[in-house]
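Q: My questions will all concern the structure given below.
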Amino acid sequence: VVLTWGLDPRDLDSHMEGTLSNGGKFHVFYGSKSAFDGEVEVCNLDVDDVTSYGPETITLNATNSTPYYYYIHRFAGSGSIATSSAKIMLYQGENLVATFNVPTDLGSDDYWNVFAISNGELVIKNTMTSSPDTFYASTDGANE
């Protein structure tokens, strides 16, 4: 997952949350840059940019079918995510799977809930909220 953005806000943060094989939870972001599922590194914040533009990258190595949630948080700087010109490119290996441009008409909240990967399927959320939404995807086919 590759995030780029404009000058303001100067620091947007990529977040990935999920469940490990043993049922434990993980949250990868600037404060916790890596998560392991046993011996396998399931998620890593490869590049963290704090001075505008990006890129900021996260690598996910899904180890089970439970949902993995990706969202952006406006951490610092003026402006909002909606005015940031943020763009996310989702790759599977070297193949570009999806591109997301920040919605400019969903308000100025500090979280952009972009997508989840659940049972190998992409579940697009694309909402702005005041706190992260990490409950919209499921592994039983009942994705909202």
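Q: Taking only pairs six or more apart or across chains, which ones have beta-carbon atoms under 6 Å, a first residue in region 67-90 that is within 18 Å of D105 (Cα to Cα) and touching a residue at least 12 places away in the same chain (Cβ under 8 Å), and a second residue that is small (G, A, S) and surrounded by fewer than 16 Cβ atoms within 10 Å (Cβ to Cβ)?
A: If the second residue must be small (G, A, S) and surrounded by fewer than 16 Cβ atoms within 10 Å (Cβ to Cβ), the pairs left are S80/S108; A82/S108.
Q: How about region 66-87: which of its residues are within 14 Å of L122 (Cα to Cα) and in a strand (DSSP E or B)?
A: Matches in region 66-87: Y68, Y69, Y70, Y71.
Q: Look through region 12-33, keep the residues that are of a type in the set (D, E, K, R) and surrounded by fewer than 18 Cβ atoms within 10 Å (Cβ to Cβ), and return whichever of them is nearest to T59 (Cα to Cα).
A: If we take residues in region 12-33 being of a type in the set (D, E, K, R) and surrounded by fewer than 18 Cβ atoms within 10 Å (Cβ to Cβ), then K33 is nearest to T59 (Cα to Cα).
Q: Can you find a residue that is in contact with a Gly (Cβ under 8 Å, 6 or more places away or on another chain) and farther than 24 Å from E94 by Cβ anywhere in region 39-50?
A: Checking region 39-50: not a single residue is in contact with a Gly (Cβ under 8 Å, 6 or more places away or on another chain) and farther than 24 Å from E94 by Cβ.
Q: Within region 70-108, can you find the residues that are out of contact with any helix residue (DSSP H, G or I) (no Cβ under 7 Å at 6 or more places or on another chain), hydroxyl-bearing (S, T, Y) and surrounded by fewer than 18 Cβ atoms within 10 Å (Cβ to Cβ)?
A: The answer is S78, T83, S85, Y91, T99.
Q: Before we move on, is A62 open to solvent by less than 60 Å² (accessible area, probe 1.4 Å), more than 25 Å from S130 (Cβ to Cβ) and of a type in the set (G, A, S)?
A: Yes: the conditions hold for A62.
Q: Still on this structure, I have one more. Mind counting the residues in region 39-54 that are open to solvent by 50 Å² or more (accessible area, probe 1.4 Å) and part of a strand (DSSP E or B)? Spell out how you get there, then give the answer.
A: Let us first name the residues in region 39-54 that are open to solvent by 50 Å² or more (accessible area, probe 1.4 Å), namely 39-41, 46-48, 50-51, 53.
If we keep only those that are part of a strand (DSSP E or B) as well, we get 40-41, 46-47.
Residues meeting the conditions: 4.
Q: Given T134, T104, T57, T63, which one is within 20 Å of L7 (Cβ to Cβ), of a type in the set (V, I, T) and either part of a loop (DSSP other than H, G, I, E, B) or in contact with a Cys (Cβ under 9 Å, 6 or more places away or on another chain) (or both)?
A: Working: T134 fails: within 20 Å of L7 (Cβ to Cβ); T57 fails: either part of a loop (DSSP other than H, G, I, E, B) or in contact with a Cys (Cβ under 9 Å, 6 or more places away or on another chain) (or both); T63 fails: within 20 Å of L7 (Cβ to Cβ).
Of T134, T104, T57, T63, the one residue that is within 20 Å of L7 (Cβ to Cβ), of a type in the set (V, I, T) and either part of a loop (DSSP other than H, G, I, E, B) or in contact with a Cys (Cβ under 9 Å, 6 or more places away or on another chain) (or both) is T104.
The values are calculated or read from the model by the stated rules, or taken from the named source; none is laboratory data. What you see is a predicted model, and the numbers here were worked out from it, not measured in a lab. Cβ coordinates were reconstructed from backbone atoms using ideal geometry, including for glycine residues, and neighbour counts include every protein chain displayed. Accessible surface is based on the protein model in full, side chains and every heavy atom, while ligands, DNA and RNA are left aside. Shrake-Rupley method; radii C 1.70, N 1.55, O 1.52, S 1.80 Å.
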